[in-house]
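The values are calculated or read from the model by the stated rules, or taken from the named source; none is laboratory data. From a predicted model like this one, the values you see are computed outputs, not experimental measurements. Please note: Cβ atoms are built from the backbone with ideal geometry, for glycine as well, and neighbour counts cover all protein chains shown. Ligands, DNA and RNA are stripped out before the accessible areas are found, and what is left, the full protein with its side chains, is counted by its heavy atoms. Shrake-Rupley method; radii C 1.70, N 1.55, O 1.52, S 1.80 Å.
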Amino acid sequence: MLYKFKSPAAADVIMLEADGRRILELIGKGAGSPGIVTAAQIPGAIAALEAAVSAEDAAAADAEEREEEEGSGSLKRDAVRLRQRATPFIDLLRRSAAEGADVVWGV
């Protein structure tokens, strides 16, 4: 299943189910379909996503530092992180906020 996020302010953003569900949970929305992020809710959604991205980046940096100290070499460096998954959606939210448009999704 795919999530398709739409706004008249930007191109659609399509995500696999697991990624879309995680994004929606981070912004405090139910993962059901259909749904909406109103223009008034967008600043809070952006802040929540940016905070989650920062927290994950900090945790990854700590893990890399511990790995270097221990010399274990077991850290998976090629994993796709939240930053890569959330960036297109954050861009959609920013463009929508600039035009006062809502973002809707469906599956």
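Just a few scattered comments:
- Residues located in region 87-103, provided they are open to solvent by 60 Å² or more (accessible area, probe 1.4 Å) and in a loop (DSSP other than H, G, I, E, B): 102
- The listed residues are 37, 107, and the only one of them that is modelled with pLDDT under 95 and within 22 Å of residue 9 (Cα to Cα) turns out to be 107.
- When region 55-80 is limited to residues that are exposed (fewer than 13 other Cβ atoms within 10 Å of the Cβ) and closer than 28 Å to residue 10 by Cβ, the one that is modelled with the highest pLDDT turns out to be 55.
- Any chance residue 2 is open to solvent by 30 Å² or more (accessible area, probe 1.4 Å) and modelled with pLDDT of 95 or more: no
- Single unsatisfied condition, residue 36 versus (1) under 13 Å from the mean Cα position of the chain (by Cα); (2) of a type outside the set (D, E, K, R); (3) closer than 15 Å to residue 5 by Cβ: (1)
- Here region 18-39 is the region considered, the condition is being part of a loop (DSSP other than H, G, I, E, B) and not β-branched (Val, Ile, Thr), and the residue that is surrounded by the most Cβ atoms within 10 Å (Cβ to Cβ) is 39.
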